[in-house]
Amino acid sequence: MVREGYSFGLPPFLIGVVLLAWGQGWMFALGTVLVLLGLFVFSFFRNPDRVIPDGAGVIVAPADGRVVVVKDEEKGGRPGKRVSIFLAVWNVHVNRAPAAGKITKLEYKPGKFMAAWDERCSSDNEQNVFTQETEHGEIVYKQIAGWVARRCIAWKKEGDTVARGERVGLVRFGSRMDVWMPGEPEIAVRVGQNVKGGSSVLARMRESGGGTKR
């Protein structure tokens, strides 16, 4: 579990335990609700290890969730493809680097808090935008706040070098992540498919395979 989990989960959990131990009637009921709320928060902030696929050209999912967009998209006049992943409140919300490389730019963009499944949120919502140089060219991925998620947290900074599948940040509660890849990568997922951050192959720039644990 990430550290934020203790800050958000311990207060309701401990108060709930006290109410369950000493309260009756409505106090006992409230205690039950608070204990369950604390357990849910602990679950939300879980931070499991993942098996990271090996192989040249592998792009992994940056987050757990459901693929909601796969499309051709130009960025700065360059052709490429974008994959968007919707994170529900029950998904793991720790975010991971889709590929190995150097973060050349990390930009915070203030914005709206539309529902994370709305396509407009990719451009209009509050977000952290990572630009990363890789052996296959520049990729861009975004932590996007949603209607419930109100905070995008980056654990990395400009100039950091990251490994494929390395943890790079966290978005609190329901949210979305976008990944833009240059050229014509072979997309390995489809709309509606569930993926796991760091371990699900999102795309391949060329043939690859294998796996190691981080």
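The values are calculated or read from the model by the stated rules, or taken from the named source; none is laboratory data. Note that the structure is a prediction, hence the values are computed from the model and not measured. No Cβ is skipped: glycine too gets one built from the backbone with ideal geometry, and neighbour counts run over all protein chains shown.
Limited to region 44-59, what total is found for residues that are more than 22 Å from G101 (Cα to Cα) and part of a loop (DSSP other than H, G, I, E, B)? Number satisfying all stated conditions: 4.
Within the option set A154, A149, being at pLDDT below 70 and farther than 23 Å from D72 by Cα holds for one residue only, A149.
Do we have R50 as surrounded by 15 or more Cβ atoms within 10 Å (Cβ to Cβ), under 21 Å from the mean Cα position of the chain (by Cα), farther than 25 Å from P182 by Cα and at pLDDT 90 or above here? Taking the combined requirement at face value, the residue satisfies it. Residue under question is R206, and the condition is that it be in a loop (DSSP other than H, G, I, E, B), at pLDDT 90 or above and surrounded by fewer than 18 Cβ atoms within 10 Å (Cβ to Cβ); does it hold? So R206 does not fit the description; no.
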